[in-house]
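Please read the structure below before turning to the comments.
Where a number appears in this text, it was derived from the coordinates with a stated rule and is not lab data. What you are looking at is a predicted structure, and each value in this text was computed from that prediction instead of being measured. So basically every Cβ, Gly included, is an ideal-geometry build from the backbone, and we count neighbours across all protein chains shown.
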Amino acid sequence: MRDLKKDLKTFLKISPYLIIYLFIFQYFFGTICIFDGLFGMPCPGCGLSRSFIFLIKGNIKESLNYHAMLIPTILFLGYSFIVLYVNKKFNIKIYYIVSIVFFLLLISYYIYRLINFFPNIPPLNINSKSFLFRILKALNK
């Protein structure tokens, strides 16, 4: 079992660096997502924040529109917290199996979204400020 206080202290120590990273990355690449900022295409979690906001507002249909894996993600994070911090007798093999199944579902949903919605339907837009797009633009000159 992990030590929650120790992990929170570690997070608080690195949080100023995370905040600096967020501002710098947002300034240069127009996004805080590393994947989107480097490659110009959405990551598997693209839309989760907006989906969460709609869920909090009670608009479940719009929430599922932005990212249908939000509720499974919340359940997985809750399960992970219980396994890692609350349950003293957790079975690591079961946790690994649940994690693998969750990530396979997430990647499958990501591929489905890319095939059906990329690049024209938000939040699956192309980021023209990304590192890769800037390099390709410079090479074409």
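See the values below:
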item	result
Net length gained if the chain between Asn120 and Leu136 were fully extended (0.36 nm per residue, minus Cα distance)	3.7 nm
For segment 8-18, 3J(HN,Hα) per residue [Karplus equation, 6.51 cos²θ - 1.76 cosθ + 1.60, θ = phi - 60°, Hz, x = Gly/Pro]	5, 4, 4, 4, 5, 5, 8, 4, x, 5, 5
Distance between segment 32-64 and segment 84-141 - C-alpha centres, whole angstrom	11
Gain on full stretching of the segment that runs from Tyr79 to Phe11 - 0.36 nm per residue minus C-alpha separation	22.5 nm
Under 5 Å, built H, 5+ apart or other chain: amide partners of Gly47	none
Chain lengthening between Asp3 and Ile94 when straightened (0.36 nm per residue, less Cα-Cα)	30.7 nm
Mean Cβ count within 10 Å, highest first, over the residues of peptides 132-139, 33-40, 73-80	33-40, 73-80, 132-139
Vicinal HN-Hα couplings computed from phi for segment 113-125 (Karplus, 6.51 cos²θ - 1.76 cosθ + 1.60; Hz; Gly/Pro x)	5, 5, 5, 8, 10, 6, x, 9, 10, x, x, 8, 9
Cα-Cα over 30 Å, subset of Lys61/Lys93; Lys5/Lys89; Lys5/Lys93	Lys61/Lys93
For segment 40-51, 3J(HN,Hα) per residue [Karplus equation, 6.51 cos²θ - 1.76 cosθ + 1.60, θ = phi - 60°, Hz, x = Gly/Pro]	x, 10, x, 8, x, x, 4, x, 5, 5, 5, 4
Long-range HN-HN contacts of Met41 with modeled amide H, under 5 Å	Asn127
